[in-house]
Structure formats: structure tokens, C-alpha cells
Amino acid sequence: MRSEALVLTFAFGYLALLFVIAAWGDRRAEQGRSLIGSPTVYALSIAVYCTAWTFYGSVGRAAEFGPSFLLIYLGPTLAMLMGPLLIRKMVRIARSQRITSIADFISARYGKSSSLGALVAVIALIGITPYIALQLKAITLSHAVLVNYPEAADFRLADESFWNDKSFWVALVLAVFIILFGTRHLDASERHEGMVAAIAFESLIKLLAFVSVGVFVLFGLFQGPADLFGQVAADPALGDALGLGAVPGGATGWFGTLVLAFLAFLALPRQFQVLVVENVDERHLKRASWLFPLYLLAINLFVIPIAMAGLLLGGSNDPDSFVLTLPLAAGLDGIPLLVFIGGLSAATSMVIVETIALSTMVSNQLVMPLLLRSRRLHLSSQGELAGWLLGIRRVAIVLILLLGYLYHALIGDSYSLVTIGLVSFAAAAQFAPAMLIGLYWRGANRTGASLGLIAGFLVWAWTLLLPGFAQSGWLDDAFLHQGPWGLAWLKPYALLGLEGWDIYAHSLLWSLTANVGLLVGISLFTRQSPLEQTQAALFTEAMHPGLEHTPLWRGQTTRGELRSLLGRYLGASATARVLDNPGDARLDDSDPAPSELIARAEQALSGALGNASARVLINSVVRGEALDLESILSILDTTSQTLEYNRQLEQKSRELSRIGEELRAANERLRELDRLKDEFVAMVSHELRTPLTSIRAFAEILRDSDSLPDEKRVHFLDVVVKESQRLSRLIEEILDLARLESGRLTLHPQRLDLVALTRHSVDAVHRLQEDRGVALEVEIDLDEAPVVGDPDRLEQVIINLLDNAGKFADHDAPRVRLHLARHKAHFRLSVEDNGPGIAPDERERVFEKFHQIQRQGESAETVRGRPRGSGLGLPISRGIVAHLGGRLWVEDAPILKGACLVMELPSAPG
Amino acid sequence: MTEPRRRARLIALTALAALLFSPPLVVIFDRPSEAGPSWLPLYLFLAWGLVIGLAAWLMESREEER
């Protein structure tokens, strides 16, 4: 009856039934009457944890290692007890952030890092593909046992063509199933209702199958438990089979496996998929937290009886196949077929969920970031990328299944079932620190998580993966016993000399030590980016009621930009669903998008592409930075405020020192002015006293001596008059100077001809100069020189210059030369003499008040006879010229070789 | 039952389960029965069942806290 055809009919008939159930589930979901909206279905879907490894391997493990198989289920029991606290938090985060996989979850927690997501995806691929291979191998093996019994089921795939291998065809059917029911929506964070319904159904089938065979063994082959265990007790070989002594590694091995199962249950990609992504309602966790452990207990209840019965009755068979061989040996046909279907259901459910989880990771964490980085996609983006995305995911599904099948076909023969399972568990456990610590410790950061993951993964590969290859004969196994390059402390099973441990406990200890150590250590010494801080706050405070509706974005963009971005990646209908609310239908595409809308758009993209890629895309259209209130505050507290204070203090102190400098300079100037004023007063007093003294002296002579000849009297009176004139001129000059310096000198500028004015001035002094014997030469190159000036004052300046020149000209043959010429837009009037000239360092000082040049070789006596100057003429002249917009300076006399004073005035406009 | 209280009980139950499933207690129960095989599997199943029962009672009870 166990003909090949019958077995195949049943197997593929069962798969067809799965299609029907899944299609029904999806139809019901579309009608809004969900099949899976119950906590019981949720608990059954979590039972995807029980794979073919459980179904066949538990018995094998119980036969070999005693009760240690139970640890694989006690760990998840602990995890599920924590479910209403721990998993609920994960579910809530996943919902609000539209998490699609565990890689997405870890990447989102650490600042939506695409590199971290890719790392998790790669580790998952390497660690989990063998596990898929294991399921396919179980199908091949169980089929071979079923068909070939009682001949040995020593099926070697290498001897057969792959089209004779049933698991190849099963994998093919599964690929179709997963593509049909696992990629219905672009949004991977949406639930696959039909698939979950099928998984829940499969969980029932495998439980039913396993319990039936258990009941058959216990009550069909034996007369109840008492009979069975009586026989076990009687067999001395089995005396120790159920004690701790049979457990590898004893107590430490026991504890290590418990922790391993606990962590793996939370971190396996398929468990994350059913626990978190496919969760309909977080309240379901309450029921599932005890219903799922109950399921585990039920499916394990008969493991020990079957294992013991197998050891008692069919000791020569492979313990992994006891479930099949026991009923076969009893000559039954129905139960073996049911067992085969049960095993098939366990294997297929695992392959389905794991492949969906892995393909989502591959498409969202590995392929999408690469595509987004390449320019071509952006340029050719007018077409719809939605189809592309699903295509990528479908190709990934086929490739992952193919990879699993190849692994199974090429090296699967050399592994026992249990080994692969626990090796995969240990790989998945590496995700647990980044995930769990990240859920509760806000300080964990991306660098720490990445390095921790890498280190944990490397230690795992060294202590479990490579030794596995070596034991399969793929590598030279010398390094297992001597260590690589003879380094004994690097031996994979006894790292740092830690001997005598169970290999899984040993690997877990070192990999988790490295993983957690780096995660915590590096996080303590590096900083988080603002986005990381925000995400860390959102994750750790996920259960905080106020946090749920915090609008994240402060950036700016328009509706139109969001619409085209979403349209490109999600398609038109999904875009309309996200962007259009009935309430704001009148809004234009050029309006700025409100922050809630941007957040909705990012969530929608996250569901389809993963958090990291969505972030990149949103960043490409939104300008601005996203920060939630708490992180803004914390950033302000730690850095900005201090920086602001520092900046202000620095500015203040700079201002103060600048003001101090100014004050010092002002003080200096005041002192200087004070000194100048004192000097000035002293000079003025001196200058005034000289004429006064002589006036007084001559006046006294005139008063006291009556007998003075008339001639003398006239002379003395003449002197008095001259000195009085000089005195009044001096006072006039001082007043002029005072007015100039205080800026109160009133000039009456008007347009005038400098040529006429010069001639007029020359005429005025001509007589006087002639009297003194000064030869005055006048050279005027122009016909007229229009300037703007006060004629009286300018005349005063010119007379002063001529007068001065006359005084300082050569003693014996004094010559003075006046020259007026145009120089660019100016007129230059220079007066030179043939005197000794002025030394270069004296040239500016002649414009100081009361400065008088002492002629060399001449004492004050010899100057007598010439009218002495007051020393105020040049300062006043310069002041007047400056007021009229001109300049007055000293230079070398070009012709007479004495001093030359040059007055320059701008020519009048027009 | 108020939420923080349920939370506390849940944590306590998990701690109890972890204790029951871990070495010191496991080693104590790892002794051969008169019949021969170790008591360990039986103990584990009983402890497991007890924990599941307590969890079910904790999760499903709707009575108000006194």
C-alpha cells in the first residue's frame, strides 16, 4: 500500500490543501472576516518553531542525550512567559515603525543604519540556510524510509539525480506557494493572512501526527507507560539514558542550551516574523504566553516514550527515524503515512516562514540599498518600481530555496539533524544582544552593535561552523585537535584552554562575551548621531503612552514631491491611500506637506523597502532634521547649552578687551592733548609777552623822558604801533587757530579764479618784498584756474607762503619763486626760496604750532631786522587749505634749491 | 488586576520558571527512581506543567484586585 504513487499523491495533495487554506485565508481577509484574528491561531503560528528537527530530531536527541532535548522548548517557554512584556514591546515598535524583519528592526534601532541591516541579513543567510537545507533533507530522508522500509534508508543523494529527489519538487512547490501567498503585498510589514492560516493548520497537523504515533507506541506497542518504563528499567543499557549524565556538558551544558534556546527563540528570523510582524493584535500575546508553551509540552510529551521504545525494539535504526520506523515495524500503513505528512508539515511550515523572512531581508536590506545607491535607478525612475520590488523579493525566494537545496544536496549528507539545528540557533542568538539590549538601554549605539555582531559572528564561525565543515570532511580537521598553526589556545572547541564544555555552551559563552562586551564597551565610549538618539528613545520608551503620536519630522517638502516619490516606489493606488485624506482633498500638490504626512509617507516606504532605504528616500526630498522632543532636550542639555554659554562668554570677554584697548588709546590721546595744550599756553604767553614788553618799555621811556628829541619820539611811537599791530595780528592768528581746531572757522566758499587771486596777492606783498630786497619771480602757466574757496582766506594763505619764503630765503641775495600750474584735476601753487631748505624729518614739524626753524649758524641776534613769525602761519594755512579740500606740504625746491611749499586745490567742477 | 501588579507577577513567574529549569534544582532531581530511570524527565514535565498552569491562571483571570 505504501507505493511511491500513493505517498506522492498524499504529499502533493497535502501541499495542494495548503494552497486552498491559504487562498481561503486571504479571501476572508479581503472580506474583512479575518481567519487569524484569534490568539489561538497566533499561538499555533508561533509553533512554526517546531520544525522537522523537532518532529524527527527530538526523538533522536532524546535517545542519544537524554532529557537535553527538552531545553530547546524550555527556553522558549521562558521567553513566552516574558512575552506580554518583552514581545509586546517589540510588536508595538514594529507596528509604529513598520518593521519588516529582524534585520530591519536592528537597523531601525541603531539609527536606520543600512550597513547594520545588511550585516544582520548576511549573518542570517549564512546561519539559517543550512537550517532550510535540514528541512529538505528531512523530507528526502523520511520519504526514503517510508518507501524503502524495511530496507535500509541509506539514501545517498549523490547517487541520484536531483529529479528523483522528492524534496527538490517539494521545494519547487513551496517556492510557488511562497511567491503566491508571501508576496501578495508590497508592504512586507502587512500580514500574510493566508500564509499564517496555512501555518497554523500545519501546526495542528504535526501535533496530531506526533501525538498519534506517541499514543500508538505507548498503548499499541506497550501496555501503557508503566509497561514501557518497566522494560526500560530492566534494560541495564538504558539505566542512565534519562539522567543528567547523558546531557553533553553536564550542568553547564544544560544551562548553556537553555540560554541558547531562549535567545534563539526571540532572534530567529522566522520567529520574529510570526511573533512580531504577523501579530494581529498585541493582546493575543496574553493567551499565547501560556498556550504556546502548552503546545510545546504536548508535542514533547511522547518524545521520551518513543525514544525509549525505539531503543528497546529497533536499536539498529537511526534514532532520528524512530517516529517512522516504529509504526512501520509494526506493519501499519496509515500511521506512517500520517507521520510522513506530519513531518512534511513541520518542514514546509518552517521553510515557508523562514524563506519569507529571509527574502524580505535580502530584498530590503541587501538589494534595495545597493539599487538606491546606483544612479541608474534614480534616473529611470519615472516607471513604477513597485513591480520591481516584488520581482526582487520573488527572485530572492527562489534563490534562497535553491541555496538551501544545494546545501542539502551537496553537504547535507554529512551532518546529523541536530547539529545543524543548534549551529543555526547559535548564529541567530548573535542578534539577541543588539536587539534586547537595544530595547532597554538607550545608550547602545550603532558602532557597538555592528562590532559586537561581527565579533560574535566570527567567534561563532570559528567555534561551530568551521569545525562542522571539518567534521564533514570538507576541511582538514587537524586544527580541531592541535589548534591552527599549532596554537593550542585557539582550538575551536577549547578556546583559551576552556576544555570539557559542551561545544554549544562553549561557543555561546565566547561569542556572547565578545558580542555583548563590544556592544556595551564601545557604546560607552562612542557617541550617537541625532537620528540614533531619536530611534533609541523611540525604542526604549516604546511603551510610554505619550510617545506614540510624536510627530517626528521638522523638515519641509511639498505634497507633490512626496506623491511622486511614493508613486515611484509603491504605485498609484498605495500612494493615494497614504496621501489622500477625505478631509484635505482640496489641497494642492504644491502645498507644503505637514509633518504627519511626511511621517506617514516614510512609514509606508519603510513597510515596503525597510527603514534604512525609506530614510534615504525621504531624505532625498525632505529638507530638515528630525528629532523628537526628548532628544532635542537631551542634546540641548548636554551640548548646545554649554556651547552657547561658552560662545557668549568668549564674545563678552573679547568685547571687554576691545573696549579696554579703546579706553587706553583714548586716555593716551587725552594725555597727549593735555600736554599739547600746556605747551600751547606756554608758547602763547611767551609770544604775547615779547611785544607787550617792548611796547611797555618804549611807552615808559616816552612817559619819563620829556627831553627826548622829536625824531626819537616818533621812532619810539612807531615801534609801539608796530608792536601793537604785531600783537593784534598774533591774537587774530590764535583766534583763527582756535576756530580751526574747534571746527568753528566759518569759510565762505565761492567759485573763484586762482590765477587772479594769486596775482592780487603777489601785488599785495610785492612792495614789501622789494623793500626787503627779495627778488620775487612769478610764473603762472594758466589763463585761469577755477577753484572753490574763500577768497580772503586763500589770499591769506598765499601771502603767508610768500612772506615765509621771503623770511627764509638766502640772506645775501634772497630769491622767491611762485609757480602756479595744473596737476591732473588739481591746481598746484608752489612757493620756493633759495634758503637753506628744510631737512626731511623737519618737514612735517613746520606745520606744528609755534614751531620755528632755527637757522643754522645764525643766532637770534642775526635774525633781527627781519619780521619774526609767530609760528602759527603754516598751521593756520594748512587748516584753511584742508577745509577747502586741498593739501599743503613741503618738498624739495626744484629750481632755487631751498624749501618749497606746495598748495594743491581741486579744480572747481564744471 | 492592575497592570503593574500583573507585570510584577509575570516577572516573578518567569524567575520561578528559570529557577525550576536550571541546574541546582535540576541536579537535585537527577536521581534514579527505584524502577531505574532518572526522575529528571518527570520532574521537568511536572514543573513545566505547573508553570504553564500558573501562567494561564495569571493571564486569564479577570477578577478585580482586592
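Structure notes:
- Count - residues of the stretch A:223-236 that are in contact (Cβ under 8 Å) with a residue 12 or more places away in the chain and either closer than 17 Å to A:Gly60 by Cα or in contact with a Pro (Cβ under 8 Å, 6 or more places away or on another chain) (or both): 4
- Residues located in the stretch A:169-222, provided they are more than 50 Å from the chain's Cα centre (by Cα) and more than 21 Å from A:Leu17 (Cβ to Cβ): A:Gly214, A:Val215, A:Phe216, A:Val217, A:Leu218, A:Phe219, A:Gly220, A:Leu221, A:Phe222
- Residue in the stretch A:95-105 that is within 14 Å of another protein chain (Cβ to nearest Cβ) and farther than 19 Å from A:Phe425 by Cα present: no
- Filtered residues of the stretch B:7-33 (kept if touching a residue at least 24 places away in the same chain (Cβ under 8 Å) and either hydroxyl-bearing (Ser, Thr, Tyr) or facing another protein chain (nearest Cβ under 8 Å) (or both)): B:Leu10, B:Leu13, B:Ala17, B:Phe21
- Only residues that are assigned to a helix (DSSP H, G or I) and either polar (S, T, N, Q) or modelled with pLDDT under 85 (or both) were counted in the stretch A:188-223, giving 2.
- Subset of the stretch A:192-229 that is under 25 Å from A:Tyr49 (Cα atoms) and surrounded by fewer than 17 Cβ atoms within 10 Å (Cβ to Cβ) - its residue that is nearest to the other protein chains (Cβ to nearest Cβ): A:Val211
- Among the residues listed as A:Phe65, A:Phe55, the single one being surrounded by 24 or more Cβ atoms within 10 Å (Cβ to Cβ) and out of contact with any strand residue (DSSP E or B) (no Cβ under 7 Å at 6 or more places or on another chain): A:Phe55
- Residue check for A:Leu735: touching a helix residue (DSSP H, G or I) at 6+ places or on another chain (Cβ under 6 Å), closer than 25 Å to A:Val684 by Cα and in a helix (DSSP H, G or I): no
- Residue check: B:Tyr43 meets all listed conditions (1) modelled with pLDDT of 80 or more; (2) more than 12 Å from the chain's Cα centre (by Cα); (3) among the hydroxyl-bearing types (Ser, Thr, Tyr) but one, namely (2).
- A:Leu134 being in a helix (DSSP H, G or I), away from every other protein chain (no Cβ under 14 Å), under 34 Å from the mean Cα position of the chain (by Cα) and of a type outside the set (Lys, Arg): no
- Helices (runs of 4 or more DSSP H) wholly inside the stretch A:230-308 containing at least 1 residues that are of a type in the set (Gly, Ala, Ser) and more than 8 Å from chain B (Cβ to nearest Cβ): A:250-267, A:284-300
- For A:Ala329, the stated conditions do not hold, so it cannot be described as in the same structural domain as A:Val211 (by TED's automatic domain parsing) and under 23 Å from A:Thr51 (Cβ atoms).
- Residue that is modelled with the lowest pLDDT [pool: residues in the stretch A:137-161 that are loosely packed, with under 13 Cβ neighbours inside 10 Å and in a helix (DSSP H, G or I)]: A:Ala158
- Contact map, the stretch A:786-797: first residue surrounded by fewer than 16 Cβ atoms within 10 Å (Cβ to Cβ), second residue assigned to a helix (DSSP H, G or I), Cβ cut-off under 7 Å, separation 6 or more or different chains; the map is empty.
- Of all residues in the stretch A:814-836, those that are buried (at least 21 other Cβ atoms within 10 Å of the Cβ) and either in a loop (DSSP other than H, G, I, E, B) or within 60 Å of the chain's Cα centre (by Cα) (or both) total 3.
- Number of positions in the stretch A:727-772 that are more than 23 Å from A:Val787 (Cα to Cα) and touching a residue at least 40 places away in the same chain (Cβ under 8 Å): 9
The values are calculated or read from the model by the stated rules, or taken from the named source; none is laboratory data. Not measured: the values here are computed from a predicted model. Neighbour counts run over all protein chains shown; Cβ positions are idealised from the backbone, glycine included.
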